[in-house]
Amino acid sequence: MFDEDGIFFAAADVLQVLATDARDRAPERVQRVVGGDGLIPRPGRKPLFFTESGLRGWMARPTDRTATKFMAWLDNERIAPYCVRQQALRGDLGHEAPVR
């Protein structure tokens, strides 16, 4: 989900893609790993969302190939294009997009 506050990822989707064990999916457990601002509710939305920093914190844990490939895909296909769009909206495209 994209909005003016940033980019957010549905936690349930991320945990499903990574085949995270049921006991590790508990919101309290995830929040202990990613911090209080890493897993949040969004206004008007029922599921919990990872913030970008929260997702990076969660993804720093697993070392399997699926997690690495998933994070590379997110960086290249979702996060980088979002950053470029945000820079264009702010009018500061004279600088290169941040490398992730």
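The values are calculated or read from the model by the stated rules, or taken from the named source; none is laboratory data. What you see is a predicted model; the values in this text were computed from it and never measured. Every residue, glycine among them, receives a Cβ derived from its backbone with ideal geometry; neighbour counts consider all protein chains shown. These accessible areas exclude ligands, DNA and RNA; they are computed on the full protein's heavy atoms, side chains included. Shrake-Rupley method; radii C 1.70, N 1.55, O 1.52, S 1.80 Å.
Contact annotation: residue pairs with Cβ atoms under 7 Å, 6 or more positions apart or on different chains, pairing a residue in the stretch 69-84 that is touching a residue at least 40 places away in the same chain (Cβ under 8 Å) with a partner that is open to solvent by 90 Å² or more (accessible area, probe 1.4 Å), are 79/100; 82/2. Beta carbons closer than 8 Å, at least 6 apart along the sequence or on distinct chains, pair a first residue in the stretch 12-39 that is closer than 16 Å to residue 52 by Cβ with a second that is open to solvent by 70 Å² or more (accessible area, probe 1.4 Å) and assigned to a loop (DSSP other than H, G, I, E, B) for 33/61. Scanning the stretch 71-87 for residues being farther than 14 Å from residue 52 by Cβ and modelled with pLDDT under 85 gives a total of 2.
The set of residues from the stretch 50-70 being modelled with pLDDT under 80 and charged (D, E, K, R) comprises 61, 64, 65. One residue stands out among those in the stretch 22-43 that are touching a helix residue (DSSP H, G or I) at 6+ places or on another chain (Cβ under 9 Å) and of a type in the set (Gly, Ala, Ser): the one that is surrounded by the fewest Cβ atoms within 10 Å (Cβ to Cβ), which is 35.
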